[in-house]
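Visitor: Before I ask anything, here is the structure I am working with.
The values are calculated or read from the model by the stated rules, or taken from the named source; none is laboratory data. Owing to the predicted nature of the structure, the values given are computational and were not obtained by experimental measurement. Here the Cβ positions follow ideal geometry from the backbone for every residue, glycine too, while neighbour counts run over all protein chains shown. In case anyone asks, the SASA skips ligands and DNA or RNA and just uses the protein heavy atoms, side chains included. Shrake-Rupley method; radii C 1.70, N 1.55, O 1.52, S 1.80 Å.
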Amino acid sequence: MKIYNIMAALAAVLLLSSCDLDKYPMSEVAAEDYVKDDASLNTLVIGCYNGLHSVMYYEWALTELRSDNTRMHLTGSTSSNSKLVEQLDQGVINAEHAWVSDYWNSAYSTIARCNNVLGYLGKASTSENRNRFEGEALFLRSLQYFNLVRLWGPVFKVTEKISNEEARNMQRSSTEEIYDLIESDLRHIIDDSLLPAQQNDADLGRADMTAAKALLAKVYATRYNPGDTKYREAGDLCLEVLRSPSVGNPSSATDLVAYTDIFSSLNEMNKEIIFAVRYTGGKVGLGSPFGNLFAPTNNGANVIMGTCSNYNCPSDNLLAAYDMSQGADKRRDVNLAESYFNATTGQWVTKNARYVRKYLNRDQDSNPITSQYDGDADWPVIRVGDIALLYAEIANETTGPAAEPLKYLNMIHERAGLAPYSATDVSSRYDFREAVRNERRLELAFENQRWFDLLRWGIARETVNNYIAGESFYSGYSYTVNPLADWQLMLPVPIDVININPNVAQNFGY
């Protein structure tokens, strides 16, 4: 049983009863007489974590689905949600897209909760508690802004409570201003030691210093180029994370958590997990919906109980990327399935049976999910495989192939059950780069990393267009699925924001 998430459930009730949950980027306002002490301030902080559930509900659709990893499961569906999925899959999105709007609203609602915490730090009884609450709020706010700026470019910078009138007249801040805010907040956490080096068992799932350093490394690697000082600093931060006690300073694949165990609901917050969005089943309102959202439709409870949507269907392109020539890549069957066993008929179902299985409970036999949208599996946001491969990438881009980055590349590769790369295999900067990029795709599949990686590498449009042209699924439509243009890499500002403030600049092309 997850104590953290039970606390989150209580926090959600308290927060919803005392806050105005505005959709527009405006801070939520807690009643003055509610926030009195450490306990009530802590409740607000837990409400910030709770807000991540709404964000994650849509994030896969704005990231994985727009990449070459996943697609629609069938052509010709006419349901409203299927049409929304289809539009994201093909990149034909408009400002009225409901899921784009819902993600935006959820992200800004979480930012508002974080700002709310920051506005009440004076209620903390000790400097230690104040630092911790501030650090957690700044980390979660930075995470939201990092995703917003990568998906939209310029967005609204809201760092404190503002009035309705102020919100209606705001303009979007530049990407540089948003990145400056993110960097400043994360540097404040790290330089002033706002967070503990490692959370104790009772607080697993809450951000710690390792998570803050890992997030800043990803920010630096995204914002800066290989010749920049801060790009190199990203590599240093990666090493600090990998050598931290909470991660265990792994030096080989045998030091890592086995890939099959990383996502188990019986092994949560293991050493692989640096930060995750946590879920708990048991009909307490905090279960994971992704087992049902991703499982095949009409599977008769043979995959998972309840209504299933088969969204986020793994692509042929991704399946082909798993190298089975050396034997099975252990990650493939953890991440996805192409069939399921029908216990009633005694037959394996293969038609329309492909699905993401990473977020099903790994202990289904002993702990089956008995109600829909109520899984236990956490969603990893930052983990060791991500940071190890990011370090290998940064080191290669700055100094070229070498023994240390190769160690981390092979650490992840060998954990998958594959033979290590030799120095000869990746002797050039180009070969090493391609190996890292391929490894990141296979290692982090369905974790909302692929789209952001393609953007960071500057190859999103080219990669997705080549994928659409080569994926046979897209030829099944009665019309031609057009290639993406550069402007389609950024999302449109939602129409409800434009309606409130008609002077807000829309992204080009929309």
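Visitor: Just one of (1) open to solvent by 30 Å² or more (accessible area, probe 1.4 Å); (2) part of a helix (DSSP H, G or I); (3) in contact with a Phe, Trp or Tyr (Cβ under 8 Å, 6 or more places away or on another chain) trips up residue 291, so point out which.
Guide: Unmet for residue 291, out of (1) open to solvent by 30 Å² or more (accessible area, probe 1.4 Å); (2) part of a helix (DSSP H, G or I); (3) in contact with a Phe, Trp or Tyr (Cβ under 8 Å, 6 or more places away or on another chain): (1).
Visitor: Follow-up. If you check residue 136 against the conditions, is it of a type in the set (Asp, Glu), open to solvent by less than 30 Å² (accessible area, probe 1.4 Å) and in contact (Cβ under 8 Å) with a residue 24 or more places away in the chain?
Guide: Yes.
Visitor: Of all residues in segment 169-187, which are surrounded by fewer than 16 Cβ atoms within 10 Å (Cβ to Cβ) and either within 30 Å of residue 129 (Cα to Cα) or charged (D, E, K, R) (or both)? Step through it out loud before you land on a result.
Guide: So the first thing to find is which residues in segment 169-187 are surrounded by fewer than 16 Cβ atoms within 10 Å (Cβ to Cβ), and the list is 169, 171, 174-177, 180, 184, 187.
Within segment 169-187, 176, 177, 180, 184, 187 meet the criteria.
Visitor: Quick check on residue 230: is it among the charged types (D, E, K, R) and on the phi > 0 side of the Ramachandran plot?
Guide: Taking the combined requirement at face value, the residue does not satisfy it.
Visitor: Another question, if that's okay. Open to solvent by 30 Å² or more (accessible area, probe 1.4 Å) and closer than 27 Å to residue 282 by Cα: which single residue out of 359, 373, 355 fits that description?
Guide: Only one candidate passes the filter, namely 373.
Visitor: Sticking with this one: In segment 387-400, is there at least one residue being surrounded by 14 or more Cβ atoms within 10 Å (Cβ to Cβ), outside any helix (DSSP H, G or I) and under 26 Å from the mean Cα position of the chain (by Cα)?
Guide: no
Visitor: Here is a check on your reading of the model: is residue 431 open to solvent by 10 Å² or more (accessible area, probe 1.4 Å), part of a helix (DSSP H, G or I) and not polar (S, T, N, Q)?
Guide: yes
Visitor: So, of the residues in segment 339-352 that are in a loop (DSSP other than H, G, I, E, B), touching a residue at least 24 places away in the same chain (Cβ under 8 Å) and over 10 Å from residue 296 (Cα atoms), which turns out to be most open to solvent (accessible area, probe 1.4 Å)?
Guide: Restricting attention to segment 339-352, the residues satisfying the condition of being in a loop (DSSP other than H, G, I, E, B) are 339, 343-346, 350-352.
With touching a residue at least 24 places away in the same chain (Cβ under 8 Å) added as a condition, the list becomes 343-344, 352.
Cutting the leftovers down to over 10 Å from residue 296 (Cα atoms) gives us 343-344.
Values: 343: 75, 344: 128 Å².
This residue is 344.
Visitor: Enumerate the pairs (first residue in segment 475-491 and more than 11 Å from residue 508 (Cβ to Cβ); second residue anywhere and open to solvent by 50 Å² or more (accessible area, probe 1.4 Å)) with beta-carbon separation below 7 Å, excluding pairs fewer than 6 apart on the same chain, so at least 6 apart or on different chains.
Guide: Here the result reads 476/75; 477/75; 484/461, each pair linking segment 475-491 to a residue that is open to solvent by 50 Å² or more (accessible area, probe 1.4 Å).
Visitor: Follow-up. Cβ-Cβ under 8 Å, sequence separation 6+ or interchain: first residue in segment 224-248 and touching a residue at least 40 places away in the same chain (Cβ under 8 Å), partner of a type in the set (Asp, Glu) and surrounded by 18 or more Cβ atoms within 10 Å (Cβ to Cβ). Which pairs?
Guide: 226/397; 231/397; 246/208
Visitor: How many residues, within segment 223-249, are at pLDDT below 95 and either surrounded by fewer than 15 Cβ atoms within 10 Å (Cβ to Cβ) or not in a loop (DSSP other than H, G, I, E, B) (or both)?
Guide: 2
Visitor: Identify, from the list 256, 195, 186, the residue that is in contact (Cβ under 8 Å) with a residue 40 or more places away in the chain, more than 19 Å from the chain's Cα centre (by Cα) and under 24 Å from residue 450 (Cα atoms).
Guide: None of the others qualify; the one that does is 256.
Visitor: Among residues belonging to segment 53-79 that are polar (S, T, N, Q) and modelled with pLDDT under 95, point out the one that is surrounded by the fewest Cβ atoms within 10 Å (Cβ to Cβ).
Guide: The selected residue is 78.
Visitor: Would it be correct to say that residue 300 is open to solvent by 40 Å² or more (accessible area, probe 1.4 Å), in a loop (DSSP other than H, G, I, E, B) and either among the charged types (D, E, K, R) or in contact with a helix residue (DSSP H, G or I) (Cβ under 9 Å, 6 or more places away or on another chain) (or both)?
Guide: no
Visitor: Which one of 229, 254, 210, 260 is among the β-branched types (Val, Ile, Thr) and more than 30 Å from residue 334 (Cβ to Cβ)?
Guide: None of the other options fit; the residue is 229.
Visitor: Still on this structure: Among the residues of segment 140-170, how many are part of a loop (DSSP other than H, G, I, E, B) and modelled with pLDDT of 95 or more?
Guide: 6
Visitor: Further question on the same structure: Suppose we keep only residues that are under 28 Å from residue 236 (Cβ atoms) and touching a Phe, Trp or Tyr at 6+ places or on another chain (Cβ under 6 Å) within segment 376-386. Which one would you say is surrounded by the fewest Cβ atoms within 10 Å (Cβ to Cβ)?
Guide: 381
Visitor: Output the qualifying pairs, or none if there are none: Cβ atoms under 8 angstrom, residues six or more apart or on different chains, first residue in segment 401-420 and in contact (Cβ under 8 Å) with a residue 24 or more places away in the chain and open to solvent by less than 10 Å² (accessible area, probe 1.4 Å), second residue assigned to a helix (DSSP H, G or I) and among the basic types (Lys, Arg).
Guide: 416/330; 416/331
Visitor: Give the residues of segment 456-480 that are surrounded by fewer than 14 Cβ atoms within 10 Å (Cβ to Cβ), among the hydroxyl-bearing types (Ser, Thr, Tyr) and not in a loop (DSSP other than H, G, I, E, B), sorted by residue number.
Guide: Listed by number, the residues that qualify are 472, 475.
Visitor: Moving on to the next point. Please work out which one of (1) surrounded by 17 or more Cβ atoms within 10 Å (Cβ to Cβ); (2) without any contact (Cβ under 8 Å) to a residue 12 or more places away in the chain is the condition residue 305 fails and give its number.
Guide: (2)
Visitor: Are any of the residues in segment 402-412 in a helix (DSSP H, G or I), in contact with a Pro (Cβ under 7 Å, 6 or more places away or on another chain) and at pLDDT 95 or above?
Guide: Keep residues of segment 402-412 that are in a helix (DSSP H, G or I), which gives 403-412.
Then drop every residue that is not in contact with a Pro (Cβ under 7 Å, 6 or more places away or on another chain), which leaves 410-411.
Okay, now just the ones that are also at pLDDT 95 or above, so 410-411.
Within segment 402-412, one or more residues are in a helix (DSSP H, G or I), in contact with a Pro (Cβ under 7 Å, 6 or more places away or on another chain) and at pLDDT 95 or above.
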